[in-house]
Amino acid sequence: MNCAKIAIGAVAAGLLAQGAHAGIITVDDFTTGAFSDSQSNVDMYYAQQAGSMIGGERDLRYDVVANQFGLSSDVVIGNGMVFNSNDPGVTGAIALEYDGTGDTEVTGNPFFVQGSGLNADWTGTPSIDIDFLFLDLDFEVRIVLQTYGDLALGTPVIGESVIEQNVAANINPFAESFLLAGATPTIGGGVNISDVDRLTIFFNNQEVAAVDFGIAKISVPTPGTAGLLAMGGLVAVRRRR
Ligand SMILES: [Ca+2]
Ligand SMILES: [Ca+2]
Ligand SMILES: [Ca+2]
């Protein structure tokens, strides 16, 4: 009984520490860190926004891959994120990174810069979930999860897992789960899910032309849901007695 109490307490404390609600860890709901930009020159653009997202910072990369007729590629963040590659002729892609602070992303750089790390414990999560508002063409999403080693010892990344998944077009809102069971270990034995330091999500990874899409939320469901429900159930039983 004492062990159970301690275990439930630890789960609850862990969830509270991560600002979770009912076993759902919100990575980003796009209600803070508003941003908008429009670009037509072929380049990789970066911007960073501070806010309530996990790690306190969102690193944003949006690139114009090709642009035959000089139209623009647009990103708007505010109560969701919408990305438009204007038809015809614009091929654009966008990526989001959550890796803590201390990193300065630089426009034109082909790669994201490594941040201080999240140290997020997502033990037992089955998936990374993305709530889409709409998607007008099938595209691929590539999710990269990393665990850092000891930076002082020169081993910045000791575990990495990658999920690549095709997402089907849908004009209506829909939820897409990216299963950890489908992740491929690419560094070490893969990400240590109890110490996730970096989450990078590449939308339109295969660079399909003229993709428009919107997302409302990125979240991670945890088994803490069951723990909290069990705890609530125990309290309810005791009250009835
Ligand atoms: Ca960062
Ligand atoms: Ca970064
Ligand atoms: Ca770490």
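Only Cα pairs under 8 Å and at least 6 apart count here; give the relative contact order of the range 24-221 as a rounded whole percent.
27 percent
Report the chymotrypsin sites (Phe, Trp or Tyr not before Pro) located in the range 104-193 that are in a DSSP loop and have at most 14 other Cβ atoms inside 10 Å of their Cβ, or state none.
Here the sparse-neighbourhood loop sites are F111.
For the range 24-221, what is the largest minus smallest coordinate of the Cα atoms on each principal axis, given in angstrom and ordered from greatest to least?
Largest first, the range 24-221 extends 48, 33, 30 Å along its Cα principal axes.
Quick one: what are the phi-derived ³J(HN,Hα) couplings along the range 147-163, Karplus 6.51/-1.76/1.60 with θ = phi - 60°, whole Hz, x for glycine and proline?
Once θ is set to phi - 60°, the couplings for the range 147-163 become 10, 7, x, 7, 4, 5, 8, x, 10, x, 10, 10, x, 8, 10, 10, 10 Hz.
When a footprinting reagent is the concern and you count Cβ atoms within 10 Å, what order do V42, V144, V157 take, fewest first?
The order, fewest Cβ neighbours first, is V42, V157, V144.
Under a point spin-label approximation (7 Å from Cα along Cα-to-Cβ), what is the E164-T184 distance to one decimal in nm?
Simple spin-label model gives 0.5 nm for this pair.
In what sequence do D99, D43, D63 fall when counting other Cβ within 10 Å, fewest first?
The most exposed by this proxy come first: D43, D63, D99.
A short reminder: the numbers here are calculations on the coordinates, not readings from a lab. What you see is a predicted model, and the numbers here were worked out from it, not measured in a lab. No Cβ is skipped: glycine too gets one built from the backbone with ideal geometry, and neighbour counts run over all protein chains shown.
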